[in-house]
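Let me begin by presenting the structure, written as structure tokens, before commenting on it.
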Amino acid sequence: MDTQLAAPAGPRLWTRPRLIKRAWLRWAIVLGAGLYLVLAIGSVDVNWARVSEGIVRAARLFSGFLQPDFTSRWSDIQQGLIESLTMTVCATVFGVILALPIGLGAARNVAPAWLYGICRAIIAVARAFQEIIVAILFVAMFGFGTFAGFLTLSLSTIGFLSKLIADDIEEIDESQVEAIRSTGGGFWQVVDYAVASQVMPRLAGLIAYKFDINFRESSVIGIVGAGGIGATLNTALDRYEFDSAAAILLIIIGIVMLCEYASGWIRKRMA
Amino acid sequence: MAVLLGEDGARGWRLLTAEQRRWRWFAWLALVAVTVLSWRVMTQDTIWAFVSDAPRQAQDIFGRMLPPRWSYMDRLWQPLWDTINIATLGTLIAIVIATPLAFLAARNTTPSALFVRPVVLFIIVASRSINALIWGLLLVAVLGPGVLAGIIAIALRSIGFIGKLLYEAIEEIDETQVEAIRATGAHPAQVMSYGIWPQILPAFATIAVFRWDINIRESTVLGLVGAGGLGLALESSLNTLAWPQVSLILLIILGTVVLSEWLTARVRKAII
């Protein structure tokens, strides 16, 4: 210890560390963000007359939510719901069946290099566009209706699940693979007893999660003509039937919450 | 796991017991039955002539799409700028609204776990379960078509997302640090500012940037329902069957999404 202590030079100030340490970078970001905000907000032109008209509509929409009308369009709603649900089930099952081999092929530690390349390319293509854009193209090719929606959701399931399966397989414990192989197990036995048993619990949760997402998406792709409850909702809003629209939205929220709780329950049980 | 004894006394090994296998068999049967039933209901209105015609249609469409009409680019800069604005302003509004909601929803900061928390949790769930496009449909019906409807649609959808991730982050903070600040006699606002906020700041920044990335994707298609941006140009090109313009717009969307993903990855790396 230093015996000759200097006189304390006033109270010491402490400032907390910043998220961005370099001062010039921090100020540059703040200035840039400010400039951008001014430009961006300036370029939003709002038709205030139309907005003030809209407030009346908003009130009607809100009162529609308080008194949703389930009955007068019930047959349309029922049809839409059945379409959405069947589409979701078929697309999830079909997507999973295709995603399993593709995911297996896209795992570096299982598949040969040429297969790895092909499968990763398939995944990249399947994930490139949002469902709604894929739905537009499929509707143009396959005609209006649930079949286009089914194909859209299948493709997005393949993109989503194959990638996650492949990433999971790449992270498995290699010693188990070696153990099965050392007993003389062939390729499929290794996949069955060493790979699948490690990946399966998480995979079941992911499938449940994707089912949940698929239902949400199926309520949207109807807007571009791919069938399902989205088409019914779009029609209701086009006719300004806010009470029927509110009923549809409440049903969607209800089913989504149900799916979310169910998939959460499955994930918890499987984990 | 089950060990079986064969007739000759040899021991066999199986992954599942007989009862487990029976259950699995029924579960698979039920799954197949539901799928077949769904398939039949789903395809009863399908016109198979259109489906079998699809490869020819696809060839036709892609033939029309190529090459993209590059000169159309001049008229896409404004929608592109709008798209970025919808995503960014929407994310900002969502952050401003979702942050206080997250503090109200987190178990350790909520003023009342009995009354406030369930209400806020319901707001978060409702916002999350309605897709941005559906919010867009509603808002276009209310506010009229335009960028404003898009911004609010993105904001409403993002509130639930940001709120949920943020309140989970708040619930995972280290309470000892909060207690240390409180022990110095700090005002609740100071506890918030010095004890809680620094702990969730990295999570906060990551969540915001992550949601911005998703919002860029969603805002490219919001125009399909009239809420401004690139989707609006896409919709009008589709309606006039101008496929070379459609392919150009799809390329722009892809480019924007890839760019925003790259930017997000950079920012995330810088934060973590």
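The values are calculated or read from the model by the stated rules, or taken from the named source; none is laboratory data. Everything numeric here is computed off the predicted structure, so don't read it as measured data. Note: ideal-geometry Cβ built from the backbone for every residue, glycine included; neighbour counts use all protein chains shown.
For segment B:172-272, which fully contained helices (runs of 4 or more DSSP H) count at least 3 residues that are within 21 Å of the chain's Cα centre (by Cα) and surrounded by fewer than 14 Cβ atoms within 10 Å (Cβ to Cβ)?
Where helices (runs of 4 or more DSSP H) fall fully within segment B:172-272 and carry at least 3 residues being within 21 Å of the chain's Cα centre (by Cα) and surrounded by fewer than 14 Cβ atoms within 10 Å (Cβ to Cβ), they are B:243-271.
Among what's in segment A:38-85 and is more than 28 Å from A:Gly230 (Cα to Cα), at the interface with chain B (Cβ under 8 Å from one of its Cβ atoms) and hydrophobic (A, V, I, L, M, F, W, C), pick the residue that is surrounded by the fewest Cβ atoms within 10 Å (Cβ to Cβ).
Applying the filter and picking the extreme gives A:Ile41.
Do we have any residue at all in segment B:147-161 that's more than 13 Å from every other protein chain (Cβ to nearest Cβ), at pLDDT 85 or above and more than 22 Å from the chain's Cα centre (by Cα)?
no
Considering only residues of segment B:64-89 that are among the aromatic types (Phe, Trp, Tyr) and within 12 Å of another protein chain (Cβ to nearest Cβ), which is surrounded by the most Cβ atoms within 10 Å (Cβ to Cβ)?
Looking at residues that are among the aromatic types (Phe, Trp, Tyr) and within 12 Å of another protein chain (Cβ to nearest Cβ), I get B:Trp81.
Quick grid of which residues meet (1) under 16 Å from the mean Cα position of the chain (by Cα); (2) among the β-branched types (Val, Ile, Thr):
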residue: A:Pro112; (1), (2): no, no
residue: A:Phe129; (1), (2): yes, no
residue: A:Met141; (1), (2): no, no
residue: A:Thr152; (1), (2): yes, yes
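If A:Gly227 satisfies all but one of (1) part of a helix (DSSP H, G or I); (2) facing chain B (nearest Cβ under 10 Å), what's the number of the condition it fails?
Among (1) part of a helix (DSSP H, G or I); (2) facing chain B (nearest Cβ under 10 Å), A:Gly227 violates only (1).
Looking only at segment B:166-179, decide whether some residue is more than 10 Å from chain A (Cβ to nearest Cβ), in contact (Cβ under 8 Å) with a residue 40 or more places away in the chain and either polar (S, T, N, Q) or touching a Cys at 6+ places or on another chain (Cβ under 6 Å) (or both).
Scanning segment B:166-179 turns up no residue that is more than 10 Å from chain A (Cβ to nearest Cβ), in contact (Cβ under 8 Å) with a residue 40 or more places away in the chain and either polar (S, T, N, Q) or touching a Cys at 6+ places or on another chain (Cβ under 6 Å) (or both).
Specify which of the listed residues (A:Ala148, A:Ala140, A:Ala236, A:Ala135) is in contact with a Lys or Arg (Cβ under 8 Å, 6 or more places away or on another chain), within 12 Å of chain B (Cβ to nearest Cβ) and crowded, with 21+ Cβ neighbours inside 10 Å.
After applying the criteria, what remains is A:Ala236.
Is one or more of the residues making up segment A:201-213 assigned to a helix (DSSP H, G or I), under 21 Å from B:Arg14 (Cβ atoms) and in contact with a helix residue (DSSP H, G or I) (Cβ under 7 Å, 6 or more places away or on another chain)?
The answer is yes; a qualifying residue exists.
Note down all Cβ pairs under 8 Å where the first residue falls in segment A:251-271 and is without any contact (Cβ under 8 Å) to a residue 24 or more places away in the chain, the second is surrounded by fewer than 19 Cβ atoms within 10 Å (Cβ to Cβ), and they're at least six residues apart or on different chains.
Taking only residues 6 or more apart or on different chains, the pairs are A:Ile253/B:Val125; A:Ile253/B:Ala126; A:Met257/B:Val125.
Does A:Arg216 meet the test of being in a helix (DSSP H, G or I), out of contact with any His (no Cβ under 7 Å at 6 or more places or on another chain) and within 11 Å of chain B (Cβ to nearest Cβ)?
Yes: the conditions hold for A:Arg216.
Quick check, is B:Val120 over 19 Å from the mean Cα position of the chain (by Cα), under 30 Å from A:Leu237 (Cα atoms) and modelled with pLDDT of 85 or more?
In short, yes.
For segment A:167-186, name all the residues that are surrounded by 12 or more Cβ atoms within 10 Å (Cβ to Cβ) and of a type in the set (Gly, Ala, Ser).
A:Ala179, A:Gly185
Determine if segment B:122-131 includes at least one residue that is more than 9 Å from every other protein chain (Cβ to nearest Cβ), surrounded by fewer than 21 Cβ atoms within 10 Å (Cβ to Cβ) and touching a residue at least 24 places away in the same chain (Cβ under 8 Å).
Yes, segment B:122-131 contains a residue that is more than 9 Å from every other protein chain (Cβ to nearest Cβ), surrounded by fewer than 21 Cβ atoms within 10 Å (Cβ to Cβ) and touching a residue at least 24 places away in the same chain (Cβ under 8 Å).
Only one of B:Ile134, B:Ile154 is hydrophobic (A, V, I, L, M, F, W, C), under 30 Å from B:Leu232 (Cα atoms) and in contact (Cβ under 8 Å) with a residue 24 or more places away in the chain. Can you tell me which?
Exactly one of B:Ile134, B:Ile154 is hydrophobic (A, V, I, L, M, F, W, C), under 30 Å from B:Leu232 (Cα atoms) and in contact (Cβ under 8 Å) with a residue 24 or more places away in the chain, namely B:Ile154.
Are there any pairs, at least 6 apart or on different chains, whose C-beta atoms fall under 8 Å, with the first in segment B:83-110 and free of Cβ contacts under 8 Å to residues at least 60 places away in the same chain and the second assigned to a loop (DSSP other than H, G, I, E, B), and if so, which?
B:Leu104/B:Thr110; B:Leu104/B:Pro111
Scan B:Leu15, B:Leu92, B:Leu37 and give me the residue that is facing another protein chain (nearest Cβ under 10 Å) and modelled with pLDDT of 90 or more.
Result: B:Leu92 is the single residue among B:Leu15, B:Leu92, B:Leu37 that is facing another protein chain (nearest Cβ under 10 Å) and modelled with pLDDT of 90 or more.
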